[in-house]
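Encoded as structure tokens, here's the structure I'll be asking about.
The values are calculated or read from the model by the stated rules, or taken from the named source; none is laboratory data. Computed from a predicted structure; not experimentally measured. Cβ placement follows ideal geometry from the backbone for every residue including glycine, while neighbour counts extend to all protein chains displayed. Protein only, heavy atoms only, side chains kept; ligands, DNA and RNA dropped before computing areas. Shrake-Rupley method; radii C 1.70, N 1.55, O 1.52, S 1.80 Å.
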Amino acid sequence: MKKTISLLLLALLSGCAPHIERIDIAGSTTVLPIVQAEAEEYMNAHPAAAISVRGGGSQVGITSIINGTIDIGIASRPVTSVEKTLAAEKGVKLIQATIAHDAVSVVVHKNNPVNNLSLAQLQSIFAGKLTNWMQVGGPDMAIAVISRDVSSGSFEVFSDVVLDSVRVVNSAMRLPSNNAVVSAISYTPGAIGYVGLGYLNSYLNALSIDDSMPSVSSVQDASYPLARPLFMITLASCSPATREFIDFVLSASGQQIVARQGYVPREEMQQ
Amino acid sequence: MKNIRETTFKSLTYVSALFTIIFLFGIIGSLFLEGLPLIKLVTFKTFILNPSWHPTSYPADFGILSLIAGSLIVTMGALILAIPLGIGSAIYISEIAGNKTREIIKPIIELLAGIPSVVYGLFGMAFLSPFLIRVFGIPTGLNACSASIILGIMVVPIISSMSEDALSTVPRQLREASLALGATRWETIMRVVLPAAKSGVIGSVVLGFGRAIGETMVVIMVAGGAAQIPTSIFQPVRPMTAAVAAEMGETVFGSPHFHALYAIAIVLFIITFATNLITEVVFFRKGDLK
């Protein structure tokens, strides 16, 4: 009994201030699943690390890292020149690491004979200027435009690349998840929508955009227009623990997690 | 001793009642606390009357007229379907059916109320919407019409069981007097029993309205989610509840979009509160026949 107590005391005393390495991460919800999986794996191997991961959007990730309220910002777009200036004014230097790649695939009902659209046609469809499949070489059938909720990361890249500054037509359906889009399109002959690479199945036809099919290889050779890199952003003056975590994400085992989450690992990209 | 038990019991029930009131005011308070800051960015008039809802565009548009329109059209559609079905089945169960039939039909209708809304939503997505596409040849099955049908089915048991309660509390003598005066069964039901049970029947419709306008899962899954003022019932709409639930998850805490979603919740709250208040004041005060 005495022994147990003294052992306990010893354990308490020696372990009373275990060095906990806190890493706060926030930003893009597209990158979120990767980083969550990475953090779990990393914390299993490093019990002293305490990593918290939040969403909020790329904008939030980058702004917070400039303001110094978090350790790593995650983003589905690169840091803009405006944000670089902002960082310089604050006297901080940002480091940006590409951790993975992603493709947003445009999909239609499996019976739709259309299999290619140009970026311009895609924009006109989502802006509501083209309303019938006949206008893009398909059958006489109204186009049912399916977009995602504004909080969606896929919506972000889609609106950046395809829509530019044009708004999605008001009559477009806005569905809450990749899965909702997949099932709506499989029931709706005239539908068009967009989902992540991992969601393609036999009920959907993936369209090539400007003759480039969405696939791991077209993301790798950068021929697919809706491909985009995913980033981790931190300060040049970051803590060793933060740097170690980013190194883990970029390592071979970290990149295996990226692939397991359905994204394209960075080392497979052709430079 | 008896006195102490009495007092304890009294204070226990009093505290329970107090808690419900505290929760209610807590919820109202937090709604207004988070929703009102939007006034700094958008005037109340633009918020209500602008049909353009683009909360994350640059510049952002926070107009919820199309969302209000979406909520109203699916709710009205649901009531158009549910009122005749609900009151009709209530009349049949209470006035026409024999004891045996009543005991079979009543629990079956009440079973409808126990089905989780996500199951209704799945049914709408997987069966009703492809069915509507085939029958009407419309571009999409996720629209105001399918949401109305599903919500209508969900509201039927509410209207039916509450109306049936009201009808069965109408005194037997009223029916007997009417029949004795030579009125037919139809005349008795329409002119004597229904008017006598009026407040209960109207109450059931109001409750059904509240259920339909507040339902979230079904409209997220089935209504299509397009923020537009529909020109036909076969167009997708985005009811207020769907917008709040679908967008709240990822909005930045304290951003204009965040406050706008709370402001939508205020509008929703005011609509249901006003409906309840109006029914309370107009129908329940004026000579309850029961």
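Which ³J(HN,Hα) values in Hz, rounded to whole numbers, follow from the phi angles of the stretch B:207-219 under the Karplus curve 6.51 cos²θ - 1.76 cosθ + 1.60, where θ = phi - 60° and Gly and Pro get x?
Along the stretch B:207-219, the couplings run 4, x, 4, x, 5, 6, 6, x, 5, 10, 4, 4, 6 Hz.
Related question: Amide H of B:Ala226 versus every other amide H placed in the peptide plane: which residues, excluding those fewer than 5 positions away on the same chain, fall under 5 Å?
Here the answer is A:Arg174, B:Val237, B:Arg238, since their amide H atoms fall under 5 Å of that of B:Ala226.
While we're looking at this one, here's another question. What is the dipole size for the stretch B:162-281, taken about its Cα centre, with +1 at each Lys and Arg Cβ and -1 at each Asp and Glu Cβ, in debye to the nearest 20?
380
Go ahead and set up a Gaussian network model of chain B, Cα springs under 10 Å, then flag whichever of B:Tyr58, B:Tyr92, B:Tyr120 fluctuates most.
Greatest mean-square fluctuation among the candidates belongs to B:Tyr58.
Quick check: pseudo-label points 7 Å beyond the Cα along Cα→Cβ at A:Val92 and B:Phe127, how many nm apart are they?
Taking the simple label geometry, A:Val92 and B:Phe127 are separated by 5.5 nm.
Pick from B:Asn143, B:Asn50, B:Asn99 the residue whose mean-square fluctuation is largest in a GNM of chain B, springs joining Cα atoms under 10 Å.
B:Asn99
For the protein assembly as shown, what proportion of DSSP beta bridges, expressed in % and rounded to the nearest 5, is antiparallel?
60
If Lys and Arg each add +1 and Asp and Glu each add -1, what is the summed charge of the other residues whose beta carbon sits under 13 Å from the beta carbon of B:Gly225?
Taking every Cβ under 13 Å from that of B:Gly225, the sum is +1.
Charges at C-beta only: +1 for Lys and Arg, -1 for Asp and Glu. How large is the resulting dipole of chain B about its Cα centre, in Debye rounded to 20?
Numbers: 19 positive and 15 negative charges, 137 e Å.
I would put it at about 660 debye.
Whose amide H sits under 5 Å from the amide H of A:Arg54, counting only residues 5 or more places off or on another chain, with H placed in the peptide plane?
Residues meeting the amide H criterion: A:Ile25, A:Ala26, A:Gly27.
How much net charge surrounds A:Ala172 when only the other residues with a Cβ under 13 Å from the Cβ of A:Ala172 are counted, with Lys and Arg +1 and Asp and Glu -1?
+4
Then there is this: Just name one of A:Ser212, A:Tyr194, A:Ile74: the one whose Cα is farthest towards the positive end of the charge dipole of chain A (beta-carbon charges, Lys/Arg +1, Asp/Glu -1).
Sorting the options by dipole projection puts first A:Ile74.
What residues qualify as long-range amide H neighbours of A:Ser105, i.e. H under 5 Å apart, gap of 5 or more or another chain, H built at 1.01 Å from N?
Counting only residues 5 or more places away or on other chains, the set is A:Val195, A:Gly196, A:Leu197.
May I pose another question? Within the set of other residues whose C-beta is less than 12 Å from the C-beta of B:Val192, count the net charge using Lys and Arg as +1 and Asp and Glu as -1.
+2
I need the shape label for the stretch B:9-110. Rule: rounded when a/c is under 1.5, else prolate if a/b > b/c, else oblate, with a, b, c from the alpha carbon gyration tensor.
oblate
Same structure, new question: Using a Förster distance of 56 Å, how high is the FRET efficiency between A:Met213 and B:Leu24, based on the Cβ-Cβ distance and rounded to 0.05?
Between A:Met213 and B:Leu24 the formula returns 0.50.
How many Å² of accessible area per residue for the protein assembly as shown, probe 1.4 Å?
The answer is 49 Å² per residue.
Sticking with this one: With +1 on each Lys and Arg Cβ and -1 on each Asp and Glu Cβ, how big is the dipole of the protein assembly as shown about its Cα centre, in debye rounded to the nearest 20?
Its charge dipole is roughly 1840 debye.
Among B:Ala177, B:Ala274, B:Ala223, which one moves the most in a GNM of chain B with springs linking Cα atoms closer than 10 Å?
B:Ala177
Please list, in order along the stretch B:187-192, the HN-Hα scalar couplings obtained from phi with the Karplus expression 6.51 cos²θ - 1.76 cosθ + 1.60 (θ = phi - 60°), rounded to whole Hz, x for Gly and Pro.
Using θ = phi - 60°, the values come out as 5, 4, 5, 6, 9, 10 Hz.
Further question: Mind giving me the FRET efficiency for B:Thr184 and B:Ile278? R0 is 25 Å, r the Cβ-Cβ distance, nearest 0.05 is fine.
Taking R0 as 25 Å, the efficiency between B:Thr184 and B:Ile278 is 0.15.
Applying the Karplus parametrisation 6.51 cos²θ - 1.76 cosθ + 1.60 with θ = phi - 60° to the phi angles of the stretch B:28-33, what ³J(HN,Hα) value in whole Hz is obtained for each residue in order, glycine and proline being reported as x?
Karplus-based 3J(HN,Hα) across the stretch B:28-33 equals 4, x, 5, 4, 6, 4 Hz.
Hey, another quick one. Report the relative contact order of chain B, percent, no decimals, based on alpha-carbon pairs under 8 angstrom and at least 6 residues apart.
26
Mind computing the radius of gyration and Dmax over the alpha-carbon atoms of the stretch B:48-283? Å is fine for both.
Expressed in Å, the Cα Rg and Dmax of the stretch B:48-283 come to 20.6, 73.
What distance in nm lies between label points placed 7 Å from Cα along the C-beta direction at A:Asn178 and B:Met76?
That separation, rounded to one decimal, is 4.0 nm.
Over the stretch B:201-280, what relative contact order in percent results from Cα pairs under 8 Å that are six or more residues apart? Provide the component values of the computation, followed by the final result.
On the way: 62 pairs, mean separation 22.3, N = 80.
Over the stretch B:201-280, the number comes to 28 percent.
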